[in-house]
1. Grab the DSSP H runs of the chain that are 4 residues or longer, score each as -39,500 (n - 2.57), total them, divide by all residues and round the 222 nm result to the nearest 500 deg cm²/dmol.
2. Any chance you could list P(r) for segment 84-156, counting all Cα-Cα pairs in 10 angstrom bins from zero, rounded to whole %?
3. Of the options Gln173, Asn123, Val85, report the single residue whose Cα projects farthest towards the positive end of the charge dipole of the chain (beta-carbon charges: Lys, Arg +1; Asp, Glu -1).
4. What's the extension gain from Ser61 to Asp101 if we count 0.36 nm per residue and subtract their Cα-Cα distance?
5. What are the semi-axes of the equivalent ellipsoid for the chain, taken as the square roots of 5 times the Cα gyration tensor eigenvalues, largest first, in whole Å?
6. What residue among Ser87, Ser157, Ser55 shows peak mean-square fluctuation when the chain is described by a Gaussian network model with Cα springs under 10 Å?
7. What's the magnitude of the charge dipole for segment 2-178 around its Cα centre, counting Lys and Arg as +1 and Asp and Glu as -1 at the beta-carbon? Answer in Debye, nearest 20.
8. So what is the relative contact order for segment 46-179, in percent, with contacts set as C-alpha pairs under 8 Å and at least six apart?
Amino acid sequence: MQNEIQFAGFGGQGIMLMGQIMAQAAMDQGYEVVWIPSYGPEMRGGTAYCTVVISDRPIGSPIIRNPKHLVAMNRPSLEKFAPAVKSGGIIFINSSIISIDAGRDDVDVLKVPIIEIAKELGNVKAANIVALAAFVSRSQVVDFERLRESVKVKFASKEKLIPLNMKALEEGQKAAMAT
């Protein structure tokens, strides 16, 4: 079993954090993991992305041209990366700011209005955690409880943010089940 997930969006949307949390959850579950970030001018508003490879055996190459899944947080990311997703994968779409479809009928498309959900929680910065929860709920790439624990660990130094992020996980999970 090997899963490749590409997380992509604008710099500042928490793309790298999503990848780190996913990688941590997978490691905690005993999988082999590679997390590859893309840094550079993307950090100033362009398309930032990272890839997480999760496997139950040693990973031969961390370079992935055709990921199994895509979490697209903005339209440029969807347009750039959706054509490369493997047939049968999942394309998550942040429907709060992406008005187009993936243009694919051979993948599972999950659209969630994560910004509206995060606003209802009281902090728009939690949108990435809502997205991550929705994606994991649909894909089951890692155990949801492992994801919850990884979020707690990641925010341990900012303990006051843990309750918000736990609620964001719950709401993301509900949103994935509702679609």
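Derivation of every value follows stated rules applied to the coordinates shown; laboratory data play no part. Fair warning: this is a prediction, and the values are worked out from it, not measured in the lab. Note that we place each Cβ from the backbone using ideal geometry, even for glycine, and neighbour counts take in every protein chain shown.
1. Values: 6 runs with 70 residues, N = 179.
Helix contribution divided over all residues of the chain: -12000 deg cm²/dmol.
2. With a bin width of 10 Å, the distribution comes to 18, 43, 32, 7, 0.
3. Projecting each Cα onto the dipole axis, the largest value belongs to Asn123.
4. Roughly 11.3 nm would be gained on extension.
5. Working: eigenvalues 91, 77, 51 Å².
Semi-axis lengths for the chain are 21, 20, 16 Å.
6. Between Ser87, Ser157, Ser55, it is Ser157 that shows the largest mean-square fluctuation.
7. 360 debye
8. Working: 182 pairs, mean separation 24.7, N = 134.
With pairs under 8 Å counted, the relative contact order is 18 percent.
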